[in-house]
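Asker: Got a structure for you, questions after.
The values are calculated or read from the model by the stated rules, or taken from the named source; none is laboratory data. What you see is a predicted model, and the numbers here were worked out from it, not measured in a lab. Cβ sites come from the backbone with ideal geometry, for glycine too, and all protein chains shown count toward neighbours. Ligands, DNA and RNA are excluded from the accessible area calculation, which covers all protein heavy atoms including side chains. Shrake-Rupley method; radii C 1.70, N 1.55, O 1.52, S 1.80 Å.
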Amino acid sequence: MIGFAAAAFLSILAQTAGFYQIAGHSPAARAAFGASMSALAAQFVALFPTPIRPDTVGGFVEFRGIHPLGILLCVWALVSATGFARGDEERGIVEASLATPTSRAALVASRAAAFTIAIAVASLAACAGYLAGLAIGHETAELRGVLEDGVLLVALGVACYALSIFVAQLVPGRAATAAAGGLLLGLFLLNSLSRVLQSLVAWRWLSPFRYYDLSQPLPPGGTFDARGFLILVAIAVVGTAAAALAFTRRDLGSSLIPFPARHRPVSFAPSGNMLWRVPVVRGVYERRLGIVAWSAGMSLLAFMFVLLTRTIVNVLLSVPSLLPYLSVFVHQQIYPAVLGYTWLNVAQLLFAALAITHVARWSAEDVDGRLEMTLSQPFPRAAVVVERMAVLTVIALVVSAISGTVLFVQSHIQGIDLNAGRLAAASLMLVPFALVFAGAGAVLAAVNPRAAVGLLGAFAFASYLDIELATIFRLPLWLQDLSAFKLFGTPLLTGVDGRSLALMVLLAMLGLGSSILLMQKRDVGR
């Protein structure tokens, strides 16, 4: 709660204060700034709704600050819900709680209420950050619109929490986070892609994000849709009640929906599969289903973003003020630029998430005793760290290669000519990008495995915030170079920058070496 509240306050404060740095002060300057922001928003129409009055501080912060914060809070809801429903259950915390005079329904309700309070605190912190930023710019705001934005964030987050905790009851424990995350991602894309694909308009009512998008109360002339807000509340209440009912109908450690499993005779002999005896290969083999899921998901997103590219370019070309500039690049660089801003930005976030999921697995192996069993073979601690990074490298290579191939083939089908060399380089750049976060995560997992995932998430958010605010506040170059998002650059448009690539590899190797040293000096499981 404290961490997300701090992140919400600082991110909204930075966006609000940054508006006064870049928007100008005269009406003409702000009108020109609003036009440029509208053109920029057209490139992200598949992610965020069209902003209202981006020439005002309220419209700018709604688009650049509040909407991304809403996604971040939904990720928090996903992790919190599945962590309670399955993570605490595997660690015996749920069983210990039920040993007291507490019913299962009451336990679910208490956790949902606790999360509601926590996300309300984070939303209030975001509102406070906005008001503090307005004070810096010597402006005031209508308090009603600020509070309406806050309660919308709470309603959206709690609705996602309810859906996640319900899905976690239906599937096996190890698949809970993936299943709930897949559902939320599908609902988000259903709503966002319906803005450009008419075939999805008839189905977007199924998505809670649709009802959140109906309101933009912060800018002048913005609206607050009370009906949409009440539907979000209803989703939260019904979803929590359904999760409580499902929890009462299943055994601890099992899922409500029975999944068939092969019955094998009990054996204490080592597996005869030779793949388990080959370093790195065994790690890749163990994660084979995850590789298929990540590759399929990334490929599907690449396919969709190529389909959206022409629509986005048409929207950009419809802005008269941009025609003199864009006409030079219509047949050369505009398509790589749009794909770079859309597909590669999303790919970077997903590869950061890929690294975080691996760090979560490393931390779990430390806590549940698997690492201790591995080291007892004996197996050098340094070799454990190196093999972990090598496995992630191979997985990232496979996922980036498959999704990049789908992007190239689909672009060719759509008549979009991409430079094959630059596309290959851009796809491969995602590998060292992920390794930067993996290196930082390896250090955190070696120091404090229980807090590694949360701290790495904060590091990723700070890295993203760094690149977002670098231009606005003219941050020093050395500070910008600590962000993998900044070092990634625009390889699809301008090619790979050798200096940035070297810095990413250096940061990843620094994390690898530091984690090896730290692993030698601590007790496993502490």
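Asker: Could you please give the count of residues in the range 453-472 that are surrounded by 15 or more Cβ atoms within 10 Å (Cβ to Cβ) and either farther than 30 Å from D366 by Cα or at pLDDT below 65 (or both)?
Answerer: Qualifying residue count for the region: 7.
Asker: Which members of the range 22-65 meet the condition of being surrounded by 19 or more Cβ atoms within 10 Å (Cβ to Cβ), of a type in the set (S, T, N, Q) and either at pLDDT 85 or above or not in a helix (DSSP H, G or I) (or both)?
Answerer: Answer for the range 22-65, where residues must be surrounded by 19 or more Cβ atoms within 10 Å (Cβ to Cβ), of a type in the set (S, T, N, Q) and either at pLDDT 85 or above or not in a helix (DSSP H, G or I) (or both): just T56.
Asker: Would you confirm whether or not the range 416-423 contains a residue that is open to solvent by 30 Å² or more (accessible area, probe 1.4 Å), part of a helix (DSSP H, G or I) and in contact (Cβ under 8 Å) with a residue 40 or more places away in the chain?
Answerer: Checking the range 416-423: at least one residue is open to solvent by 30 Å² or more (accessible area, probe 1.4 Å), part of a helix (DSSP H, G or I) and in contact (Cβ under 8 Å) with a residue 40 or more places away in the chain.
Asker: To continue, here is another question. The conditions are (1) over 21 Å from S463 (Cα atoms); (2) open to solvent by less than 50 Å² (accessible area, probe 1.4 Å), and I413 fails exactly one of them. Which is it?
Answerer: (2)
Asker: Would you check which residues across the range 188-208 are more than 18 Å from F305 (Cβ to Cβ) and in a helix (DSSP H, G or I) and list them?
Answerer: Correct list: V201, A202, W203, R204, W205, L206, P208.
Asker: Can you tell me which residue is surrounded by the most Cβ atoms within 10 Å (Cβ to Cβ) among those in the range 81-99 that are of a type in the set (G, A, S) and within 17 Å of L170 (Cα to Cα)?
Answerer: Out of the qualifying residues, it is A81.
Asker: Go through A114, A118 for me and flag whichever is part of a helix (DSSP H, G or I) and crowded, with 17+ Cβ neighbours inside 10 Å.
Answerer: A118
One line per residue, one yes/no per condition, for (1) touching a residue at least 24 places away in the same chain (Cβ under 8 Å); (2) among the aliphatic types (A, V, I, L, M):
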site: F188; (1), (2): yes, no
site: R210; (1), (2): no, no
site: L214; (1), (2): no, yes
site: G221; (1), (2): yes, no
site: F229; (1), (2): yes, no
site: L232; (1), (2): yes, yes
site: D251; (1), (2): no, no
site: S267; (1), (2): no, no
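Asker: Does L354 meet the test of being modelled with pLDDT of 85 or more, open to solvent by 60 Å² or more (accessible area, probe 1.4 Å) and closer than 23 Å to K486 by Cβ?
Answerer: So L354 fails the test.
Asker: Still on this structure, please answer the following. Just to verify a result, which residue in the range 258-277, among those that are under 33 Å from the mean Cα position of the chain (by Cα) and open to solvent by less than 80 Å² (accessible area, probe 1.4 Å), is nearest to L107 (Cα to Cα)?
Answerer: Of everything passing the filter in the range 258-277, A261 is nearest to L107 (Cα to Cα).
Asker: Output the residue which, of all residues in the range 81-102 that are free of Cβ contacts under 8 Å to residues at least 24 places away in the same chain and of a type in the set (S, T, Y), is nearest to S254 (Cα to Cα).
Answerer: The residue in question is S97.
Asker: Sticking with this structure for a sec: Hey, can you tell me all the residues within the range 475-526 that are hydroxyl-bearing (S, T, Y), at pLDDT below 85 and open to solvent by 20 Å² or more (accessible area, probe 1.4 Å)?
Answerer: Residues satisfying the conditions are T490, T494.
Asker: Now a separate question. Could you please let me know if A17 is farther than 19 Å from L147 by Cβ, modelled with pLDDT under 85 and in a helix (DSSP H, G or I)?
Answerer: no
Asker: A further question follows. Out of the range 125-142, which residues are of a type in the set (A, V, I, L, M, F, W, C) and either open to solvent by less than 10 Å² (accessible area, probe 1.4 Å) or under 15 Å from G59 (Cα atoms) (or both)?
Answerer: A126, C127, L131, L134, A141
Asker: For G34, indicate whether it is in contact with a Pro (Cβ under 7 Å, 6 or more places away or on another chain) and more than 18 Å from L147 (Cα to Cα). Give the steps one after another, and end with the answer.
Answerer: Working: in contact with a Pro (Cβ under 7 Å, 6 or more places away or on another chain): yes; more than 18 Å from L147 (Cα to Cα): yes.
It is true that G34 is in contact with a Pro (Cβ under 7 Å, 6 or more places away or on another chain) and more than 18 Å from L147 (Cα to Cα).
Asker: Restrict the check to the range 369-378 and report whether at least one residue is within 28 Å of G495 (Cβ to Cβ) and either hydrophobic (A, V, I, L, M, F, W, C) or part of a helix (DSSP H, G or I) (or both).
Answerer: no
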